[in-house]
Amino acid sequence: MRCTLDTGDFVLTAEPAFFPEESPVNTLLRLRVRSGAFAGEGRLDVGRGALARFAAALDRLCRTLEGAAAIEEPYGFHPYIRFDARRGGYIAVQGCFGQPLPGFPEQELRFAAQFDQTYLRPFVLELQKIIPNSSFLIP
C-alpha cells in the first residue's frame, strides 16, 4: 500500500514494506519524489517504530501547525525526510535520499518544497492506515 502527497508542483509517494521476521520489525520505506523539474526514487531502511513515530509526529504537526516531523535512516549517509510547520499555514518539506548503482558512486537527490497545509492531511491519514497504532505512539 502506498500514500501520496501531491501538491501539483511537488509529489511524494511513500510505500512501506514490512519485514516482520526481523526483530525489531524492519521497514523498507520506498520513496518517489518529483519536485519541480527533478524526480528520483530511493529508500530509507528504518524500523517500524521509527516509521510509526514519524506518522504520529506528522499527525501532530497537521493538528497543531507547529513543530516538525522527520525520519532518518540510521545507516549509510543518513537519508531523511523532514516536514516543518511554517507561518501562515504552510508546510516545508526537505529531504535527501540515494540509490546505489553497481560499480558507481551512489546517486543522491536533495529536494525541498513548500505547500499549503491542506495537502498534508490526506497523506497523513493514508500513512496511518498502513502503520497500525501510529496515532497512539508518543515520539
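The values are calculated or read from the model by the stated rules, or taken from the named source; none is laboratory data. Just so it is clear, the structure is predicted and the values come from calculations on it, not from any experiment. Cβ coordinates were reconstructed from backbone atoms using ideal geometry, including for glycine residues, and neighbour counts include every protein chain displayed.
Among the numbered conditions (1) outside any strand (DSSP E or B); (2) out of contact with any Phe, Trp or Tyr (no Cβ under 9 Å at 6 or more places or on another chain), the only one that Ala85 does not meet is (1). Among the residues that make up region 28-38, is at least one of them within 14 Å of Ile130 (Cβ to Cβ) and without any contact (Cβ under 8 Å) to a residue 40 or more places away in the chain? The answer is yes; a qualifying residue exists. Give me the residue from region 100-125 that is among the charged types (D, E, K, R) and either crowded, with 18+ Cβ neighbours inside 10 Å or over 25 Å from Arg87 (Cα atoms) (or both) and, out of that set, modelled with the lowest pLDDT. Result: Glu106. Scanning region 1-47 for residues that are among the hydrophobic types (A, V, I, L, M, F, W, C), farther than 19 Å from Ala113 by Cα and modelled with pLDDT of 85 or more yields Leu29, Leu44, Val46.
Against the condition among the acidic types (Asp, Glu), under 20 Å from Pro16 (Cβ atoms) and in contact with a Ser or Thr (Cβ under 7 Å, 6 or more places away or on another chain), how does Asp45 come out, does it pass? So Asp45 fails the test. Ala57 meets the conditions (1) out of contact with any Gly (no Cβ under 8 Å at 6 or more places or on another chain); (2) surrounded by 14 or more Cβ atoms within 10 Å (Cβ to Cβ) in every case but one. The failed one is (1). Of the strands (runs of 3 or more DSSP E) lying entirely inside region 1-74, those containing at least 1 residues that are over 13 Å from Leu127 (Cα atoms) and out of contact with any helix residue (DSSP H, G or I) (no Cβ under 9 Å at 6 or more places or on another chain) are 10-19, 26-35, 38-47.
Among the residues making up region 105-132, those that are in contact with a Cys (Cβ under 6 Å, 6 or more places away or on another chain) and among the basic types (Lys, Arg) are Arg110, Arg121. Here region 75-99 is the region considered, the condition is being more than 12 Å from Leu120 (Cβ to Cβ) and among the small types (Gly, Ala, Ser), and the residue that is surrounded by the fewest Cβ atoms within 10 Å (Cβ to Cβ) is Gly88.
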